[in-house]
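Single-structure report; data block below.
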Amino acid sequence: MIGAASVASVDAGTVVRAQHGDSGALQDVVAASLPLVYGVVGRGLGISATGSSGDVDDVVQETMLRAVSSLSDLQQPERFRSWLVAIAYRQMQEHHRARRRRPVPHDLVDDGYGAMPDPVDVADRAVASVVLDDQRRSLALAARWLDPAHQGVLGLWWQETSGGLGRGDLARALGVDRRHAAVRVQRMRAQLDVARGVVVALGATPRCAALDDAATGWDGTPNPLWRKRLHRHVRRCTECLGRQHGLVAPEHLVPAAGLLPVPAALAASVHGLASGAASGDVAAAASSAHGWWQHLVEQVRHGGEAVTAAPAAAVTAAVTAASVAVVGGGVAVTAWVAPDRPDVVVTSVAEVPPAEVPPADPVEPPPPTSPTRGVATADLYVAPDGSDAAGGSYAHPFASLAHAVGVVRPGQTIALRGGTYELTAPVEITTDGAPGARIVLSGYRDETPVLVLDGVPADQWPLVHRAARWTVQALEITGSRSHAYVCLSCVDTVFQDLNSHGNARSGLLLRGDGTVGNQVLDSVFADNHDDASRGDAGIGLGVTFGSGEGNVVAGNRFVNNADDGVDLAGFASPVTLRDNVAVGNGFNRWGIADWRGNGGGFTLGGGEDLPVAAHVLVGNVARGNGHHGFADGGNTGVIRLTGNEASDNGVVGYDLRASAAVLDGSTAAGNGVAGRLGDQVVLDAVAASW
């Protein structure tokens with residue numbers, strides 16, 4: 001096997017000489033390019049340092065053939081690397097399209113899920129024994145579960161993280177700008193985390209019995225459909241989630257795993273291609289190289305003389321192609337191809353002294369002398385002047401929230417330092433916390449982090465949360481051109497001490513079936529307004545269009561929003577609202593022409609399906625709102641209102657014409673109309689005296 005510790009760069013001058021027929025320059029271009037192409041394709045198609053596959057080698061050879069044959073057409077030699085990676089990415093996409101048109105061979109499918117395919121080359125086994133541990137193995141398995149488009153992005157991102165590509169190279173390979181490249185990477189990372197969770201759960205011994213039930217009918221082949229089905233179980237199963245404790249972030253595994261080593265046979269094949277191309281016969285060179293490579297692979301598979309161990313000094317003079325060491329675990333494995341025996345790979349093994357351990361980051365400052373609004377310490381830190389290439393420590397923080405939520409693990413805390421964070425692309429939160437190991441996203445101490453969202457297009461949600469068991473607190477959120485923060489089917493997530501203001505559609509929105517056990521506490525939702533809707537949108541908080549038990553909204557203030565302070569439209573399960581205040585909602589405070597808003601304090605139902613939900617309201621205040629204080633919105637459920645106050649609202653204090661509401665100790669004063677009540681409403685003496 002021929003490996004690479006780093007990707008050699010190709011200078012523009014060498015590319016130009018190769019374009020003008022310099023055979024030596026062409027060989028240099030091919031030698032420097034092959035490790036990069038093999039790494040991109042290998043990671044993208046889901047192999048690891050344990051071994052190659054025919055699919056990977058075929059795509060690599062086709063990529064190199066296309067690159068060599070069209071090199072003369074490259075107009076900007078200084079962008080050779082980006083051009084080459086773009087060819088590799090397109091070939092991977094074509095490979096996936098071709099696979100969808102033919103059945104998957106049985107020998108490419110894992111038998112008994114947990115074992116990687118047997119390596120083709122004996123040298124691969126030697127390298128596997130020194131560079132692969134369980135987490136890198138599970139990461140390689142997880143890659144097979146990704147959607148095909150994400151597999152291609154994974155291959156590019158792996159090279160970026162290893163230092164072989166820059167973000168600009170990655171973006172050009174995908175044919176998008178840097179901002180959209182970041183979104184593509186983030187979505188791939190989110191899906192990779194899901195896939196790792198599925199892989200770890202499937203590989204557990206003993207395996208969760210309920211997971212076996214969920215996998216009934218699965219044929220053992222990793223695919224996106226079964227990834228989604230199995231993840232639905234894993235994300236809510238305490239046993240399966242517990243298997244994920246201690247998982248290391250993928251980018252921290254990349255340097256340890258290194259770049260994928262190029263099999264010697266493939267290297268010799270591609271070098272033969274370059275030699276043929278230099279002589280002007282690309283097609284013949286490709287045919288010859290492919291045949292030579294197939295011959296060597298068959299030799300290895302059938303037990304022929306494929307690997308001979310020998311001291312490095314004994315074969316130095318016979319080296320052809322490349323000769324590079326793969327290092328790991330204190331051992332270096334070096335491989336060569338002998339020119340006089342193309343079916344022989346020569347290896348040597350030597351001990352490597354341990355690398356010097358870098359000094360630890362500076363410790364945290366002394367503990368605070370008094371309680372602070374945000375967390376006093378954290379596992380990961382983010383700061384406006386940080387770098388996502390840093391380690392995320394207090395001394396060397398990350399720069400972006402997107403990076404931090406991508407690498408955080410159950411039980412960890414993310415602290416955002418004070419300052420402004422301007423988002424230009426959506427941030428998606430997809431990593432679940434675990435029972436007893438919540439994930440916390442918080443401001444740091446008494447500093448104020450401000451998430452400014454106006455750089456995200458209006459047709460996208462800037463903050464999207466799809467995870468369970470989080471606490472999000474002590475943040476300021478502003479400027480969204482849509483809903484600011486959307487929590488989709490979230491479970492056991494706490495939002496506390498937020499200041500979400502000046503957004504268009506809403507300050508915070510919980511929605512979707514499976515919205516279970518969440519809490520919104522002690523926060524402010526103010527000044528949210530969508531000018532284009534002329535008053536029909538711009539709520540403080542929404543718990544809408546979904547279902548799920550145990551959701552609580554308590555101790556919040558909903559102030560001066562264009563539409564309702566709180567909207568429960570379309571939510572089919574009871575929500576408890578306690579000790580909240582809704583003030584001044586439903587007025588045109590922005591000079592919007594043709595205002596048509598009818599906003600109020602608390603709307604307790606509504607929507608297309610008009611679900612029946614028995615919401616519970618205790619000790620809430622609706623004061624000085626433009627339309628209603630409390631309204632059932634068409635919800636016919638038994639809404640219980642205890643000890644609430646509706647005062648000085650423009651139209652009606654309690655608009656409960658559809659529901660079978662129960663009013664107990666709730667007061668009304670100074671409203672346009674105290675109450676509009678249906679025949680089924682049950683009143684106590686206080687309400688009866690309005």
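Classify the range 381-482 as rounded, prolate or oblate, taking a ≥ b ≥ c as the square roots of the eigenvalues of its Cα gyration tensor: rounded when a/c is under 1.5, otherwise prolate if a/b is larger than b/c and oblate if not. Oblate shape, in that a/c is at least 1.5 and b/c is the bigger or equal ratio.
3J(HN,Hα) couplings calculated from phi for the range 421-428 with the Karplus curve 6.51 cos²θ - 1.76 cosθ + 1.60 (θ = phi - 60°) are, in sequence order, 10, 9, 7, 10, 8, x, 10, 10 Hz; Gly and Pro show x.
Run the dipole for the range 440-594 about the Cα centre, Lys and Arg Cβ at +1, Asp and Glu Cβ at -1, nothing else charged, and hand back the magnitude in debye, nearest 20.
Numbers: 10 positive and 19 negative charges, 42 e Å.
Here the size comes out at about 200 debye.
Taking the Cβ-Cβ separation of T216 and V552 as r and a Förster radius of 51 Å, what is the calculated FRET efficiency to the nearest 0.05? Don't skip to the end; give the middle numbers.
Numbers: r = 36 Å, r/R0 = 0.71.
Computed FRET efficiency for T216 and V552 comes out at 0.90.
As a rough footprinting exposure proxy, the listed residues W690, W83 were ranked by other beta carbons within 10 Å of their own, and the order from fewest upward is W690, W83. Residue-wise HN-Hα couplings along the range 515-522, as the Karplus relation 6.51 cos²θ - 1.76 cosθ + 1.60 with θ = phi - 60° gives them from phi, are 7, 10, x, 9, 9, 10, 10, 6 Hz; Gly and Pro carry x. Taking 0.36 nm per residue of sequence separation and removing the Cα-Cα distance, the T372/E422 pair yields an extension gain of 15.5 nm.
Using a Förster radius of 51 Å, what is the FRET efficiency between H180 and A209 based on their Cβ-Cβ separation? Nearest 0.05, please. For R0 = 51 Å, the calculated efficiency reads 0.75. Distant-in-sequence amide contacts of D655, defined by a placed amide H-H separation under 5 Å and a gap of 5 or more residues or a different chain, comprise G629, F630, A631, D632, R676. Sorted fewest first by neighbouring Cβ atoms within 10 angstrom, C237, C208 come out as C237, C208.
Rank the residues H180, H233, H95 as a footprinting-exposure proxy: fewest other Cβ atoms within 10 Å of their Cβ go first. Walk me through the intermediate numbers first.
Working: H180 14, H233 18, H95 21.
Lowest count first: H180, H233, H95.
For D648 and D459, what does the FRET efficiency come to when R0 = 60 Å and r is the distance between their Cβ atoms, rounded to the nearest 0.05? Calculated value: 0.95. Taking 7 Å steps out from each Cα toward its Cβ at E447 and D609 produces label points 4.4 nm apart.
Run the dipole for the range 381-482 about the Cα centre, Lys and Arg Cβ at +1, Asp and Glu Cβ at -1, nothing else charged, and hand back the magnitude in debye, nearest 20. Don't skip to the answer; put the middle values down first.
Values: 7 positive and 10 negative charges, 82 e Å.
Here the size comes out at about 400 debye.
Compute the signed sum of charges (Lys and Arg +1, Asp and Glu -1) over the other residues within less than 14 Å, Cβ to Cβ, of G455. Net charge in that neighbourhood comes out at -1.
Laboratory data are not the source of any read-out in this text; all were calculated from the coordinates shown. Just so it is clear, the structure is predicted and the values come from calculations on it, not from any experiment. Don't worry about glycine lacking a Cβ; one is built from the backbone with ideal geometry, like all the others, and counts go over all protein chains shown.
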